[in-house]
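Read through the structure below, which is laid out as structure tokens, and then see the notes.
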Amino acid sequence: MTKISVSSPKAIKQASKILQEGGIVALPTETVYGLAANAIDEKAVAKIFSAKKRPSFNPLIIHLPNMEEAQKYAEFNDIAKSLAARFWPGALTMILPKKKNTNLSNLVTAGLDTIAIRVPANKIMQQVLKISALPLAAPSANKSGSPSPTTAEHVAKSLGSEVDMILAAGKCELGLESTIIDMTSKQIVILRPGAIIAEDIEDIIGYKPEYDFGIHEKPKSPGQTLRHYAPSIPIRLNAVDIRKDEALLAFGSTKFMGIRGGGRISDLPDYAFKNLSEKGDLYEAASNLFLMLRELDNGKNKSIAVMNIPNNEIGIAINERLERAASS
Ligand code: TXA
Ligand code: MG
């Protein structure tokens, strides 16, 4: 198993060197851990697809340290520039027309003429971007289809033997992947909801962008196939009580929850009970979602019941991930 390196200046330099030499490194971002490679190096990018068992038609996000670098790879219209000025560095990914004649590996964009770009805020990721001086292709550092990792230990569990290094920096602040918006048609569309919500974007663009998660129709984003973020055991949503053999992923108070056939939620063993946020805070819940899904998928539980999560603000992103995790 790959050794996890705590992100000291020395480890950050080492990670940058591995990337320059064509290796793949898992590293923290403010959303989830990413699995990074030099986006110019075809062989390095291929290693990401093979480590994740990711289908080659599913393109990657390019991470850059700032707007100046980002403009080398994509065409930014005035609205895209305003969004970048407001939300970068941060948890917003924009799908933009790809600049012609870039030196990027074709694998990164899966042959599309659009490109997904993000300037991340996480300090360690920023340092790696600056020291390596590379555009970094980085999907979430999990096996394709399973929940994204929010700790270095989760990366080690799912990809430990495949990556050259894991740079660790505790739990990711947001815990859910970036908001993805499609900037390539007349009206801006949210393809993947995240911590930056429709109303935040509306403040800049003057109208509320529509959602198109591609859950029920053909997805615009190749990665939006239905089943995703899924633990190895079944998930049941909007539970108002649980069955005898179910674990509970709670949100807020469990006062009115019961166990069918009798029994109290408070008597559930630790391995069968997690609360996303006792005080009912959606941001706390978002940061715990993937972590707790993994903790409940521990070999002792047969299935997970999830309490209702309010479908507003970042709750929309939580519910979108849960709906995918629950679909089979
Ligand atoms: O928060 C995040 O975005 C994390 C961190 C590491 O930055 N990354 C991440 O990457 O979630 P990934 O590969 O797990 O998800 C990227 C999504 C995929 O669903 C992919 O299909 C979509 O972005 N995507 C990438 N390029 C695209 C394009 N040109 N057009 C449409 N969708 C695209
Ligand atoms: Mg992913």
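Structure above, values below:
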read-out	value
Cβ-Cβ FRET estimate between Asn106 and Ser185, R0 fixed at 30 Å, reported to 0.05	0.85
Tensor-based shape of region 235-326 (alpha-carbon gyration tensor, a/c under 1.5 rounded, otherwise prolate or oblate)	prolate
For region 119-266: rounded, prolate or oblate by the Cα gyration tensor [a/c cutoff 1.5]	oblate
At most 10 other Cβ within 10 Å, DSSP loop - trypsin sites (Lys or Arg not before Pro), region 84-171	Lys100
With all protein chains modelled, accessible area of His228 [1.4 Å, Å²]	40 Å²
Local electrostatic count at Gly262 - Lys and Arg +1, Asp and Glu -1, tallied over other residues with Cβ under 13 Å	+2
Region 1-77, accessible area per residue, ligands and nucleic acids excluded (1.4 Å, Å²)	44 Å²
In sequence order, calculated HN-Hα J values of region 301-313 (Karplus, 6.51, -1.76, 1.60; Hz; x Gly/Pro)	9, 9, 7, 10, 9, 10, 6, 4, 10, x, 8, 9, 6
Asp182 accessible area, assembled protein chains, probe 1.4 Å, Å²	10 Å²
Over the chain, relative contact order from alpha-carbon pairs under 8 Å, at least 6 apart, %	20 percent
C-alpha long axis of helix 282-296 to longest principal axis of the chain, angle in °	80 degrees
Sequence-distant aspartates and glutamates (8 or more away, or on other chains) whose Cα lies within less than 13 Å of Lys3	Glu153, Glu162, Asp164
Farthest toward positive dipole pole in region 45-169 [+1 Lys/Arg, -1 Asp/Glu at C-beta], among Ile95, Gln126, Ser56	Ser56
Region 235-326, relative contact order in percent, only Cα pairs under 8 angstrom and at least six apart counted	41 percent
Estimated [θ] at 222 nm from DSSP helical runs (n ≥ 4, -39500 (n - 2.57)) normalised by residues in the chain, nearest 500	-8000 deg cm²/dmol
Lysine pairs in region 212-328 with Cα atoms under 22 Å, if 8 or more residues apart or on separate chains	8
Added length on full extension, which subtracts the Cα-Cα distance from 0.36 nm per residue, Ser56 to Asp200	48.6 nm
When each of Lys13/Lys123; Lys43/Lys81; Lys123/Lys157; Lys13/Lys130; Lys10/Lys157; Lys10/Lys143 is checked by Cα-Cα distance, pairs over 21 Å	Lys43/Lys81; Lys123/Lys157; Lys10/Lys157; Lys10/Lys143
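The values are calculated or read from the model by the stated rules, or taken from the named source; none is laboratory data. Source: prediction; values computed, not measured. Note that we place each Cβ from the backbone using ideal geometry, even for glycine, and neighbour counts take in every protein chain shown. Keep in mind that these areas ignore ligands, DNA and RNA; they rest on the heavy atoms of the full protein, side chains included. Shrake-Rupley method; radii C 1.70, N 1.55, O 1.52, S 1.80 Å.
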